[in-house]
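I have a structure here, written as structure tokens, and I will follow up with some questions on it.
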Amino acid sequence: MSSDITFETPSGSGGYFQHRRISPDFYHDFFLPGYLRGNLPQDPANRILDLGCGFGQIMSALAKSGYQQVEGVDIDEEALAFCRAQGLKVAKINDIIEYATSFTQGKYDFIIMSHVLEHIDKNSIVPTLLAIRQNLLADHGQMLIMVPNAQSHTGCYWAFEDFTHTTLFTAGSLYYVLKAAGFQTITFLDPYCLEDLSPLKKLIKKLLLKIYMVKNNFWNRVTSSFFHKPSPQIFSFEIKVLAQ
């Protein structure tokens, strides 16, 4: 019996989502996670930008929650075409800095950047965040960023699983680039991923994480390894941070 695995893909050059074998159906069961719901603007009339909106799953969920001014941008035309077919307000961009510095339609109260930052060239990460803060984000506004966590159990996997990843972040390096871009208040959200769990599951997960951290600390001592003490220790696949 052959152990080979073959995937048939449509002919042609395709785009990011096709190459990653991701379609809109991938997000069929998507819902706004608790850490996002709990930090959205209170006023549903506030302007929200989904920077790197993909197939618009976050935008659609926001619209269903009553938010009236939700916009999105992306570089992938296939994803944008799907968004437009769903009645979502989206636009194509080629470069975030170029888009931000030329934007003249007012600023946003809340910006979401979900799994985009790790795709940007390392030398452009701080300038990109700076351009967003100066040109797109209102003075009172907040920016929510989600990135894969290099410090997680699967950090090495996610560094290489997506060929378009240029770098991965720990809590410390994400804090660094946000501070370097001029953000003053930086809050790490739901570091133990307990949102949306029942009280019993929260209790069990807290206990297991304590055991995991004790084991990590033990082997760090044995191997003379250590973490940067000022940086939060976040072990989940994803780091979520709210910046202002």
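Derivation of every value follows stated rules applied to the coordinates shown; laboratory data play no part. Please read these numbers as outputs of a predicted model, since none were measured by experiment. Every residue, glycine as well, gets a Cβ built from its backbone with ideal geometry; the counts of neighbours run over all protein chains shown.
At R0 = 35 Å, how high is the FRET efficiency between D25 and S224 if r is their beta carbon distance? Nearest 0.05 is fine.
That pair, D25 with S224, gives E of 0.15.
Antiparallel DSSP bridges in the chain: what percent, to the nearest 5?
30 percent
Under the rule of at least 5 residues apart or a separate chain, name every residue whose amide H is placed under 5 Å from the amide H of I93.
D74, I75
Further, regarding this structure: For log10 I(q)/I(0) by the Debye sum over Cα atoms at q = 0.08, 0.12, 0.15 Å⁻¹, one of (i) -0.29, -0.69, -1.14; (ii) -0.27, -0.64, -1.04; (iii) -0.35, -0.78, -1.17 was computed from the structure I shared and the rest are decoys. Which label?
(iii)
Then there is this: Taking square-rooted eigenvalues a ≥ b ≥ c of the alpha carbon gyration tensor, is the stretch 146-211 rounded, prolate or oblate, where a/c under 1.5 means rounded and, failing that, a/b exceeding b/c means prolate?
Here the stretch 146-211 falls in the oblate category.
What residue among Q86, C53, L197 has its Cα farthest toward the positive end of the dipole of the chain, where the charges are +1 on Lys, Arg and -1 on Asp, Glu, each on the Cβ?
L197
Around V126, what is the net charge, scoring Lys/Arg as +1 and Asp/Glu as -1 over all other residues with Cβ under 13 Å from its Cβ?
+2
To make sure I understand, if each residue's beta carbon is the centre and we count other beta carbons within 10 Å, what order do V241, V126 fall in, fewest to most?
Taking fewest neighbouring Cβ atoms as first place, the list is V126, V241.
Moving on. Using all C-alpha to C-alpha distances in the stretch 21-162, build P(r) with 5 Å bins and read off the rounded percent in each one.
2, 9, 18, 23, 22, 17, 8, 2, 0
What is the sum of charges around P44, taking Lys and Arg as +1, Asp and Glu as -1, for the other residues whose C-beta is under 14 Å from the C-beta of P44?
So the environment of P44 carries a net charge of +1.
Specify whether the C-alpha gyration tensor of the stretch 96-181 places it in the rounded, prolate or oblate class, a ≥ b ≥ c being the square roots of the eigenvalues: rounded for a/c under 1.5, otherwise prolate if a/b is larger than b/c and oblate if not.
Cα axes put the stretch 96-181 in the prolate bin.
Residue by residue, what Karplus-based ³J(HN,Hα) values in Hz, rounded to whole numbers, does the stretch 195-205 have, using 6.51, -1.76 and 1.60 with θ = phi - 60° and x for Gly and Pro?
Values per residue, Gly and Pro as x: 4, 6, 9, 5, x, 5, 5, 4, 4, 5, 5 Hz.
Residue by residue through the stretch 141-157, which ³J(HN,Hα) values in whole Hz follow from phi under the Karplus form 6.51 cos²θ - 1.76 cosθ + 1.60 (θ = phi - 60°), with glycine and proline marked x?
Couplings: x, 10, 10, 9, 10, 10, 9, x, 9, 5, 8, 6, 4, 10, x, 5, 4 Hz.
In sequence order, what are the phi-derived ³J(HN,Hα) couplings for the stretch 41-53 according to the Karplus relation 6.51 cos²θ - 1.76 cosθ + 1.60 with θ = phi - 60°, rounded to whole Hz, with x for glycine and proline?
These are the phi-based 3J(HN,Hα) values: x, 6, 7, x, 8, 5, 7, 10, 10, 9, 8, x, 6 Hz.
Using helices alone, I'd like the mean residue ellipticity at 222 nm for the chain: each DSSP H run of four-plus residues gives -39500 (n - 2.57), total over residue count, nearest 500.
-10000 deg cm²/dmol
Let me ask something else about it. For T167, what is the net charge nearby, where nearby means another residue's Cβ is under 12 Å from its Cβ and Lys, Arg count +1, Asp, Glu -1?
Once positives and negatives cancel, what remains is -2.
Now for a separate question. Kindly identify the stretch 205-244 as rounded, prolate or oblate by the Cα gyration tensor criterion: order the square roots of the eigenvalues as a ≥ b ≥ c, call it rounded if a/c is under 1.5, otherwise compare a/b with b/c, prolate if a/b is larger, else oblate.
Because a/c hits 1.5 or more and a/b fails to exceed b/c, the stretch 205-244 counts as oblate.
Quick one: order V177, V70 by neighbouring beta-carbon count within 10 Å, fewest to most.
Ranked by crowding around the Cβ, least crowded first: V177, V70.
Quick one: Cα centre-to-centre distance for the stretch 45-120 and the stretch 199-243, in angstrom?
So the two Cα centres are separated by 33 Å.
Determine, for D76, D43, the number of other Cβ atoms within 10 Å of each Cβ, and report the residues in order from fewest to most.
Ordered by Cβ neighbours within 10 Å, fewest first: D43, D76.
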